[in-house]
Amino acid sequence: MNLKLLWYCTKAKGKNYYLRKFPNGRCGLSRDKGESLNGKIVAMSDYDCEEIIHTYENGASVHHDYSTKTLDNEQLLRKSCIFGQGLNDYLGDHNYDKNNNVVGYAIHIKNLNIFDKPKELSSVYRIVDVGGMSLTDTLKKAPQNMMYVSVNEWEYCFYNPEDKRVLISVHPEWLAMILNGLKDVELRRKVLKEML
């Protein structure tokens with residue numbers, strides 16, 4: 001089963017801009033707090049997820065190269081809207097797996113559906129394990145990275161796997177690029193087990 005992603009716009013504390021949906025359907029950053037999408041679930045999508053491999057060459061200077069099975073370094077930079085040293089700064093050398101080469105994950109965003117009316121965080125439920133049973137509870141705050149949620153409140157044994165989603169938190173500036181089709185790969189150091 002391929003889980004759906006729910007895209008959550010962070011509140012971006014301390015920032016002086018807000019993600020807004022404009023009348024022309026485009027999304028952008030604004031200093032005006034009115035009609036802000038911050039703190040809302042604004043879209044849902046399908047995805048493919050693949051490992052990012054890091055290779056480097058030692059010499060007079062160190063050259064870092066990142067790739068996946070389907071994207072070379074240049075494509076990964078362009079599709080994720082990260083340029084220059086940004087990819088190395090984000091993934092760095094410290095995030096190796098047991099094979100010493102996987103440093104992160106590329107989430108390919110597919111079939112993005114922007115909601116006409118953004119959803120409140122309270123419209124999804126946190127999944128909790130109680131004595132081996134999967135139950136739901138009120139979600140009080142969004143995750144820093146991502147978490148499993150349910151779109152329906154369950155009744156004990158009536159767990160429906162089709163209700164399960166991944167809630168992923170994204171800063172407004174990056175989410176604006178995703179919603180406008182400029183960024184179709186989201187990079188993460190870690191993803192949830194079922195996403196692979």
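The values are calculated or read from the model by the stated rules, or taken from the named source; none is laboratory data. Keep in mind the model is a prediction, meaning the values are calculated, not measured. Cβ: placed from backbone, ideal geometry, glycine included. Neighbour counts: every protein chain shown.
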_Count of region 66-91 residues which are under 22 Å from ASN180 (Cβ atoms) and either polar (S, T, N, Q) or touching a residue at least 40 places away in the same chain (Cβ under 8 Å) (or both)_ = 9
*Do we have THR68 as modelled with pLDDT of 90 or more, β-branched (Val, Ile, Thr) and over 16 Å from the mean Cα position of the chain (by Cα) here?*
yes
*Since ASN111 meets every condition but one in (1) assigned to a strand (DSSP E or B); (2) within 19 Å of TYR66 (Cβ to Cβ); (3) modelled with pLDDT of 90 or more, which condition does it not meet?*
(2)
*Sort out which residues of region 79-108 are at pLDDT 75 or above and either aliphatic (A, V, I, L, M) or surrounded by fewer than 14 Cβ atoms within 10 Å (Cβ to Cβ) (or both), and write them in order of number.*
ILE82, PHE83, GLY86, LEU87, ASP89, LEU91, ASN101, VAL102, VAL103, ALA106, ILE107
*Taking the residues in region 65-78 that are assigned to a strand (DSSP E or B) and out of contact with any Phe, Trp or Tyr (no Cβ under 8 Å at 6 or more places or on another chain) as candidates, determine which candidate is surrounded by the fewest Cβ atoms within 10 Å (Cβ to Cβ).*
SER67
_Residue list for region 131-149, restricted to those being modelled with pLDDT of 90 or more and either within 17 Å of MET195 (Cα to Cα) or in contact with a strand residue (DSSP E or B) (Cβ under 7 Å, 6 or more places away or on another chain) (or both)_ = LEU139, ALA142, PRO143, GLN144, ASN145, MET146, MET147, TYR148, VAL149
*Output the number of the condition that ASP48 fails; it satisfies all remaining conditions of (1) among the acidic types (Asp, Glu); (2) at pLDDT 95 or above; (3) part of a loop (DSSP other than H, G, I, E, B).*
(3)
*Mind checking which pairs have a first residue in region 164-192 that is more than 25 Å from SER150 (Cα to Cα) and touching a residue at least 60 places away in the same chain (Cβ under 8 Å) and a second that is of a type in the set (Ser, Thr, Tyr) and surrounded by fewer than 20 Cβ atoms within 10 Å (Cβ to Cβ), Cβ under 8 Å, 6 or more apart or different chains?*
GLU173/TYR17
*Of all the residues that make up region 20-42, how many are over 22 Å from the mean Cα position of the chain (by Cα) and at positive phi?*
1
